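Enquirer: Just dropping this structure here.
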């Protein structure tokens, strides 16, 4: 594992990202986490990977999940989740984050959806770990893309197709999330969000929390950091990112980004490309 993020309190914690220069919508991630606890965050992409060693505990869709060694981790885009070690020595894992459109292009199938966040499938998990390692080491675009197809074939048996229909009443909360996305730099009130959902303020607050298992403030911060990650990947200076995403200043961005992604904004930008 190369380097230790400056934001981590404990030297045993490390995380690393990589963006392939030739293929947009793809991000590789590998980490060994012992003491760090990830605050609620989300990715605008499928989060697919495997646990190499140790056990991870994370909260997703209102429930705690345990991911043991040689298990698959399967997250859908925009799902709010946390993460921490369940074992004393922490856990090592590898992930790939794939935009939904990129996943569809590679697999040839649209509307993938994973209804189980953790799958016990040791042989497949070991193959996924090996493929993710080879992707980090791929030195040509053709080799990288060929490995991507192999990797998606490993996840395909666990994907539901098509994506399940949204439950009744969900569109009003999706409108609220889109309103949050469109107003990341604004100071929003409960009354504003309730008006978007056409509900009274605290009725809205209760129903939003019941649906997303998070408060609107937690969702807003997750969306702010998701957008910050996107802008940092595009090369925008951290100070500009902080202002555009509604964070108090660059120091606030640094703390919030590290709490959710395990690296500082500056280190994340340095890691993205070989």
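The values are calculated or read from the model by the stated rules, or taken from the named source; none is laboratory data. This one's a predicted model, so the numbers in the text were calculated from it and none came from an experiment. Here the Cβ is made from the backbone with ideal geometry for all residues, glycine too, and neighbour counts use every protein chain on show.
Enquirer: So in region 87-106, with the set limited to residues that are touching a helix residue (DSSP H, G or I) at 6+ places or on another chain (Cβ under 7 Å) and touching a residue at least 60 places away in the same chain (Cβ under 8 Å), which one is nearest to residue 75 (Cα to Cα)?
Expert: 96
So that you can scan it fast, the table gives a plain yes or no per residue for (1) surrounded by fewer than 17 Cβ atoms within 10 Å (Cβ to Cβ); (2) under 24 Å from residue 151 (Cα atoms); (3) at pLDDT 95 or above:
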{"site": "43", "(1), (2), (3)": "no, yes, no"}
{"site": "68", "(1), (2), (3)": "no, yes, yes"}
{"site": "86", "(1), (2), (3)": "yes, no, yes"}
{"site": "96", "(1), (2), (3)": "no, yes, yes"}
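Enquirer: Can you work out which of the residues in region 60-72 that are in contact (Cβ under 8 Å) with a residue 40 or more places away in the chain and in a strand (DSSP E or B) is nearest to residue 214 (Cα to Cα)?
Expert: Among them, the one singled out is 60.
Enquirer: Using the structure shown, decide if residue 167 is over 18 Å from the mean Cα position of the chain (by Cα), at pLDDT below 95 and part of a loop (DSSP other than H, G, I, E, B).
Expert: yes
Let's see how each residue does on (1) within 28 Å of residue 58 (Cα to Cα); (2) over 16 Å from the mean Cα position of the chain (by Cα):
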site	(1), (2)
221	yes, no
236	no, yes
245	yes, yes
249	no, yes
255	yes, yes
259	yes, no
266	yes, yes
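Enquirer: Out of region 220-267, which residues are closer than 27 Å to residue 22 by Cβ, out of contact with any helix residue (DSSP H, G or I) (no Cβ under 6 Å at 6 or more places or on another chain) and crowded, with 19+ Cβ neighbours inside 10 Å?
Expert: Selection gives 226, 229, 261, 262, 263, 267.
Enquirer: Something else now. Just for region 24-59: of the residues that are without any contact (Cβ under 8 Å) to a residue 60 or more places away in the chain and not in a loop (DSSP other than H, G, I, E, B), which one is nearest to the chain's Cα centre (by Cα)?
Expert: Here the residue is 47.
Enquirer: Going through 148, 180, 142 one at a time, which residue ends up being under 21 Å from the mean Cα position of the chain (by Cα), in the same structural domain as residue 98 (by TED's automatic domain parsing) and assigned to a helix (DSSP H, G or I)?
Expert: After ruling out the rest, the residue left standing is 148.
Enquirer: Kindly establish whether residue 105 is in the same structural domain as residue 142 (by TED's automatic domain parsing), within 19 Å of residue 149 (Cβ to Cβ) and either under 16 Å from the mean Cα position of the chain (by Cα) or at pLDDT 95 or above (or both).
Expert: Considered against the rule, which asks whether it is in the same structural domain as residue 142 (by TED's automatic domain parsing), within 19 Å of residue 149 (Cβ to Cβ) and either under 16 Å from the mean Cα position of the chain (by Cα) or at pLDDT 95 or above (or both), residue 105 comes out as yes.
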